[in-house]
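First comes the structure, then the notes that go with it.
The values are calculated or read from the model by the stated rules, or taken from the named source; none is laboratory data. Everything numeric here is computed off the predicted structure, so don't read it as measured data. Glycine also receives a Cβ, built like all others from the backbone with ideal geometry; neighbour counts cover every protein chain displayed.
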Amino acid sequence: MDANRDDEIRARAYQLWEEEGRPEGRAEQHWFTARESLAIEENQDSTYLPIDSGTDAEPIEALENAGEFPTLTDQGEQRIPRRPKEDDPSLPANS
């Protein structure tokens, strides 16, 4: 089986080498790329397996305790600053 695998990698590396215009000195890169692409193709089906449905992705308590979304008033900006009126008794008197 190892010899068959090596033959597949060799064929893919040769194909990559020809597609790139037969450059010199890139044999290791073509071999690595061929090996990786074949591994991805062979294991593609395992990525489609269903997720174990025995466990929840997140406990229900986390959803119940999520609270409200933060707003600007949560940042301490409850009042809009306004210019005080001139006859406001709470202002200190100007000297």
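Highlighted here are the helices (runs of 4 or more DSSP H) found entirely within the range 2-95 that include at least 1 residues which are of a type in the set (Gly, Ala, Ser), on the phi < 0 side of the Ramachandran plot and at pLDDT below 75: 60-64. Contact annotation: no residue pair with Cβ atoms under 7 Å, 6 or more positions apart or on different chains, pairs a residue in the range 1-24 that is over 12 Å from residue 37 (Cβ atoms) with a partner that is at pLDDT below 90 and in a helix (DSSP H, G or I).
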